[in-house]
Amino acid sequence: MKHVKRIALTTTAVAAAAAATLLGTTAVQAYSARPARLPAVHAPAALAVPDGNKLTDVYSAHGVQTYTCTDGAWKLLEPAATLSDKRDRAHRPVALHSRGPVWVSTVDGSAVNAAAVATSAKDGAVPELLLKATATRGAGTFEGVTYVQRLDTEGGVAPAAACTGTDQISVPYSATYAFYKAS
């Protein structure tokens, strides 16, 4: 059952990216009509993006943090979230976030992988993060992304209780993801 859910999430992500690619310029044109002004982001000093990088996109994310039981304790397996543009009143999905971590645009198929370089604890929520891009693919939204911040986190914390066997649990979370490119 656990693997069926993971396959379903992966299949959904691939299908969404394929649909975005098939929609081509129509989707890109519609998406690029969004208002230009980015919402402000407020990050702890420990998560500051280095000089020479410019904020290019800010998305709200809603999804789950999935944990698996390893040696009697919960260990993060993967995130799964849908990102929406904070400037879009309709809150249409624009990207999917999954294990890697990776973000894949459902608008143009571009993607960015990243690795955490700094963390800031947050009571009752998964930590806020500064991530540095390790790879990008495709032209579009995530082309040339250098840094990602995970901010304003809510929920997503692993259960405190011990676990047994190979149990898995998914805990709802939300966050704001801010994407940066070299200026």
message: Of the conditions (1) closer than 21 Å to LEU47 by Cβ; (2) free of Cβ contacts under 8 Å to residues at least 40 places away in the same chain; (3) crowded, with 20+ Cβ neighbours inside 10 Å, THR176 satisfies every one except a single condition; which number is it?
response: (2)
- request: Only residues that are of a type outside the set (Ser, Thr, Tyr) and either in contact with a helix residue (DSSP H, G or I) (Cβ under 8 Å, 6 or more places away or on another chain) or open to solvent by less than 40 Å² (accessible area, probe 1.4 Å) (or both): list them for the range 65-76, please.
  value: GLN65, CYS69, GLY72
- request: Taking only the range 114-163 into account, find how many residues are of a type in the set (S, T, N, Q) and open to solvent by less than 40 Å² (accessible area, probe 1.4 Å).
  value: 5
- line: Scanning the range 50-102 residue by residue, those within 18 Å of THR146 (Cα to Cα), over 17 Å from the mean Cα position of the chain (by Cα) and assigned to a strand (DSSP E or B) turn out to be ASN53, LYS54
statement: All conditions in (1) touching a Pro at 6+ places or on another chain (Cβ under 9 Å); (2) open to solvent by less than 40 Å² (accessible area, probe 1.4 Å); (3) of a type outside the set (Ser, Thr, Tyr); (4) within 21 Å of ALA125 (Cα to Cα) are true of LEU47 except (1)
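Being crowded, with 19+ Cβ neighbours inside 10 Å and either touching a residue at least 12 places away in the same chain (Cβ under 8 Å) or outside any strand (DSSP E or B) (or both) is the requirement here; does VAL107 meet it? Walk me through how you get there before you give the answer.
Values: crowded, with 19+ Cβ neighbours inside 10 Å: yes; either touching a residue at least 12 places away in the same chain (Cβ under 8 Å) or outside any strand (DSSP E or B) (or both): yes.
Yes; evaluated as a whole, the condition is true for this residue.
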message: Is it the case, given these coordinates, that SER120 is of a type in the set (S, T, N, Q), over 18 Å from SER60 (Cα atoms) and in contact with a strand residue (DSSP E or B) (Cβ under 7 Å, 6 or more places away or on another chain)?
response: yes
- prompt: Can you tell me which residues in the range 127-167 are small (Gly, Ala, Ser), free of Cβ contacts under 8 Å to residues at least 24 places away in the same chain and within 21 Å of ALA43 (Cβ to Cβ)?
  reply: ALA133
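Could you tell me whether any residue of the range 3-26 is basic (Lys, Arg), modelled with pLDDT under 90 and assigned to a loop (DSSP other than H, G, I, E, B)?
First, the residues of the range 3-26 that are basic (Lys, Arg): 5-6.
Within this subset, residues satisfying the condition of being modelled with pLDDT under 90 are 5-6.
Imposing the further condition that a residue be assigned to a loop (DSSP other than H, G, I, E, B) reduces the set to none.
So far as the range 3-26 goes, no, none of its residues is basic (Lys, Arg), modelled with pLDDT under 90 and assigned to a loop (DSSP other than H, G, I, E, B).
I'm trying to understand the selection: among the residues of the range 139-182, which are assigned to a loop (DSSP other than H, G, I, E, B), of a type outside the set (S, T, N, Q) and touching a Gly at 6+ places or on another chain (Cβ under 8 Å)?
At the first step, the residues of the range 139-182 found to be assigned to a loop (DSSP other than H, G, I, E, B) are 139-144, 156-167.
Keeping just the survivors that are of a type outside the set (S, T, N, Q) gives 139-140, 142-144, 156-163, 165, 167.
Within the range 139-182, GLY140, VAL157, ALA162, CYS163 meet the criteria.
The values are calculated or read from the model by the stated rules, or taken from the named source; none is laboratory data. The structure displayed is predicted, hence computed values, not measured ones. Heads up, the Cβs are rebuilt from the backbone with ideal geometry, glycines too, and the neighbour counts pull from every protein chain shown. Accessible surface is based on the protein model in full, side chains and every heavy atom, while ligands, DNA and RNA are left aside. Shrake-Rupley method; radii C 1.70, N 1.55, O 1.52, S 1.80 Å.
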